[in-house]
1. What residue, among those in the stretch 46-62 that are in contact (Cβ under 8 Å) with a residue 12 or more places away in the chain and more than 9 Å from the chain's Cα centre (by Cα), is nearest to Gly9 (Cα to Cα)?
2. Give the residues of the stretch 31-45 that are exposed (fewer than 13 other Cβ atoms within 10 Å of the Cβ) and closer than 30 Å to Ser14 by Cβ, sorted by residue number.
3. Is it true that some residue in the stretch 31-44 is under 25 Å from Ser67 (Cα atoms) and modelled with pLDDT of 90 or more?
4. Take the stretch 17-32 and flag every residue that is in contact (Cβ under 8 Å) with a residue 24 or more places away in the chain and either of a type outside the set (Ser, Thr, Tyr) or outside any helix (DSSP H, G or I) (or both).
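The values are calculated or read from the model by the stated rules, or taken from the named source; none is laboratory data. Treat the numbers as computed from the prediction; the structure is a model and nothing was measured. So basically every Cβ, Gly included, is an ideal-geometry build from the backbone, and we count neighbours across all protein chains shown.
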Amino acid sequence: MANSNKNKGEQISSLSVEQLKDQINEQSENLKRMKFSHSINPIENPMTIRSVRRQIARLKTELTQKSK
């Protein structure tokens, strides 16, 4: 489990500022669609919503670090 988180961090840190912004927008849209579909018809694994939220947070954190 720790290795997968480390890999995610390495992948995110290798992105440029523009790529980070694109990823944040893409993941935010994905989260909106997931929440909407979950409210209409519960999705099979609701934990995916949590993982997408956390992914967005990781991206935003990296963007903040790079823009300093």
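1. Glu62
2. Hits for the stretch 31-45 are Lys32, Arg33, Asn45.
3. yes
4. Kept after step one, since they are in contact (Cβ under 8 Å) with a residue 24 or more places away in the chain, are these residues of the stretch 17-32: 17, 20-21, 23-24, 27-28, 31.
Selection gives Val17, Leu20, Lys21, Gln23, Ile24, Gln27, Leu31.
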